[in-house]
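For reference, the structure is listed below as structure tokens.
The values are calculated or read from the model by the stated rules, or taken from the named source; none is laboratory data. Keep in mind that what you see is a predicted model, and the values were worked out from it rather than measured. Here the Cβ is made from the backbone with ideal geometry for all residues, glycine too, and neighbour counts use every protein chain on show.
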Amino acid sequence: MANNHCPVSFARSHLPGITPSTFTASGLMSATLPPAEESIHDNTSNDVACLAPTAVSSTPALRIRGLEKAYKIGSESLQVLKGIDLDVPRGDYVAIMGPSGSGKSTLLNLLGGLDSPTGGHYFIGDEDVAKLSDDQLSAIRAKRIGFVFQAYNLLPQLDVVENIEVPLAYNGGMSRDDRARTLQLVNLVGLGQRSDHRPTELSGGQQQRAGIARSLVNSPEFILADEATGNLDTTTTEEILELFDRLNRDGCTIVMVTHEEEVAQRARRIVRLRDGVIESDLRLLPPSQPSDEQPPDSDVHKVLTTPRRGRPSTLRLRLRDIRVGMKTLLMHPLRSMLTVLGIFIGVASVIWLLAISEGIAAKANQQIEELGANNIILTTSRPSGDQLQGRKVYYYGLTEEDCYHLRETIPSVSMVIPLYRRTGREFRYLDRKVEGEINACTPEYKDLYSLKMVDGRFLLPSDGAKRANVCVLDQTVARELFRHVDPIGKSIHVIDDFFKVVGVVATRAELEQVKGTTSGQDFSDNVYIPLETYWTRFGETYSTGNNGGRAVSQIVLRLKDQDEAITTGQAIKQALDRTHMFEDYMIGVPLELLQQARNTRLMFMAMMALLASISLLVGGIGIMNIMLATVTERTREIGIRRALGARKRDVTRQFLIETVLLSVGGGITGILGGLTCNKMLQGIRWVVTQSFPEMMKSLPDTVQSMEPVILPWSIPVAFGISVTVGVIFGIYPAIRAAAMNPIEALRHVG
């Protein structure tokens, strides 16, 4: 093969001011040709005559020496480029032509830093591009090369100005003055009236103009144009070529691949490839020298020679990335909404389930705390069948003697409060009657259960001492018996005796059953009478406990120090075991139950958190699926970004930002949804009550009356988890996007 670094002939002898001269492919002057050779070009010869200007820059814009490229196909190696030598001086305008398979696209990919050669050298200025890493190649594409594509390759989610700014983002970041530079280029290519339009709102010629402006925004050392007019009609082709001519006259170096002879003739030089080698190198015009051909104040010259101003800001760049990410997601609103919905459900579930579990736990804790952490509660219970072993027992349970015994034998006990209850009793006043519960108690009962007086007084110690027939009514009982009449001083009929009303207490909230301490109590139907009076009037007939003593339903032991509650509970059991034949009582230590309840609460919250985490996991899988589909759909966009100078980590960051935006959107809406927990739960209860009243009644009172308690820390935790899930499940699609071969990505059609 003859030397590819060959002389070429100048064929535009009709152009004024041009003297035929012989130049090498680099454009350097060699000798003067005879006039007869001015338009002669021998395609069969390996040496071709050429012409060049009188003054040419000594440093080429790009220089190729022995460039080779081979592809592995199975076990075979396909040599596409076979030792290419080529110099392109600054200000040159080179058209590369050749049949399919000649190596044009491969050469263009190598010149653009999208691929690496398997042999030879490629210099941009003094830098050997063939030896650079992927990040260094990306920096070269961002700073020193401008791409113009046949398919325009504008990002559909961005308007004209934002598309032109894309290479700036990969060349050190965005500065405050970059927008002014971008608008200069918009006006330069004649798109001033369409600057806020997206690619789908532009004609093919307008899209290509935007692509050309984008290629110039970083003042590259040369422009690579790949069939830049291949998709345009004749008129628009002429407009784009005029724009190229203008750019080249003002000093811009252009290397263009084309199949069209008419387009190639507009260049200053035509290089023809065949079978991976340069078949001919024909110079038509010398490289442009803007100082000679155009005045220095030309608009194009100003843009190309004026350096970027302002200090690039990372914050401004990240804000731009977020804005681009939002625009990308809004291109597919339904898909984005469904993805956000998955995270919304997960975050709202975390807040809801934790709030409900906390509400149930708070309700249980409230009931236990109402019993008093420094109290121990003894409750009468029927002996189990295992204890009785078939025997009949008529008298069982706690008695008056137990009160005296425990007060005397347990030193940590400061007070003993006995109580006897009888339910289903009828109370009468005149012709009115109401059914309720007799509460035979001592004066301490009022403080024990936080009863509040509405009228009159509560029971006094003297009432018990005198066995007085006095009573205190709950406000609900008083209203039903006396209606609008003042009950104080009136008498009501209780069992078979009359009791004088001395006070009325406000109806307090129902006390639900606390296992091991007390049965549930509805205070709204209570009538309170002195315990001594009850024993005297009705005790022998109705109330007999263990060993025939006077029975009590419940004994509350108030301790001097709540820290002794658990050990005192053990001592009480030992004392009662000595005086009772059977275990006909229950010992409830609220402090111990409170500790158990707290442990149970933590376990319940952990289970709720696990369920909510599963919801978030499902949402995260949804994000991964969507992002993987998005990566496939946006393969070409990835190739465009890489061609414009994006590093792998830039692509990764962009996709992660979009993932985080989805997660943040789902997190914020999930928090708002979680804050509606109380209202939503009330609505659900109302619907269930109206539709399934029997089922609602069968639910535990805690569920029916519980109010969810939103834990403040659950909000940032749920939000943080949503973002973390988004990042974790978005990393793989983002890395997969960044790992794409830019050449294959650019060829993708979809």
*Considering region 377-434 alone, what residues qualify as being among the small types (Gly, Ala, Ser), out of contact with any Asp or Glu (no Cβ under 8 Å at 6 or more places or on another chain) and free of Cβ contacts under 8 Å to residues at least 40 places away in the same chain?*
GLY385, GLY390
*Look at LEU341 and say whether it is modelled with pLDDT under 90, of a type in the set (A, V, I, L, M), more than 16 Å from the chain's Cα centre (by Cα) and surrounded by 12 or more Cβ atoms within 10 Å (Cβ to Cβ).*
no
*When you look at LEU232, is it assigned to a helix (DSSP H, G or I), more than 12 Å from PHE147 (Cβ to Cβ) and not acidic (Asp, Glu), yes or no?*
no
*Hey, does region 548-557 have a residue that's in contact with a Pro (Cβ under 8 Å, 6 or more places away or on another chain), at pLDDT 80 or above and part of a helix (DSSP H, G or I)?*
no
*Residue, nearest to GLU658 (Cα to Cα), within region 157-181, restricted to residues that are of a type in the set (Asp, Glu) and part of a loop (DSSP other than H, G, I, E, B)*: ASP159
_In region 403-453, residue nearest to LEU473 (Cα to Cα) [restricted to those that are among the basic types (Lys, Arg) and loosely packed, with under 13 Cβ neighbours inside 10 Å]_ = LYS452
*asked:* Going by what's in this entry, would SER175 be described as closer than 27 Å to PRO286 by Cα, at pLDDT below 90 and touching a Lys or Arg at 6+ places or on another chain (Cβ under 9 Å)?
replied: no
*Give the number of residues within region 120-160 that are surrounded by fewer than 17 Cβ atoms within 10 Å (Cβ to Cβ) and on the phi > 0 side of the Ramachandran plot.*
1
*What is the residue count in region 114-130 for residues that are of a type in the set (D, E, K, R) and not in a loop (DSSP other than H, G, I, E, B)?*
2
*Among the candidates ALA210, ALA169, single out the residue that is at pLDDT below 90, among the small types (Gly, Ala, Ser), in the same structural domain as TYR93 (by TED's automatic domain parsing) and crowded, with 21+ Cβ neighbours inside 10 Å.*
ALA169
*asked:* Report every pair of residues separated by at least 6 positions or lying on different chains whose Cβ atoms are under 8 Å apart, first residue within region 572-596 and part of a helix (DSSP H, G or I), second at pLDDT 85 or above and among the hydroxyl-bearing types (Ser, Thr, Tyr).
replied: ALA575/THR409; LEU576/TYR585
*Are there any strands (runs of 3 or more DSSP E) wholly within region 59-98 with 1 or more residues that are in contact (Cβ under 8 Å) with a residue 40 or more places away in the chain, touching a Gly at 6+ places or on another chain (Cβ under 7 Å) and in the same structural domain as GLU261 (by TED's automatic domain parsing), and if so which?*
62-73, 76-88
*Based on what the data block shows, is GLU694 surrounded by fewer than 17 Cβ atoms within 10 Å (Cβ to Cβ) and either under 15 Å from the mean Cα position of the chain (by Cα) or not in a helix (DSSP H, G or I) (or both)?*
no
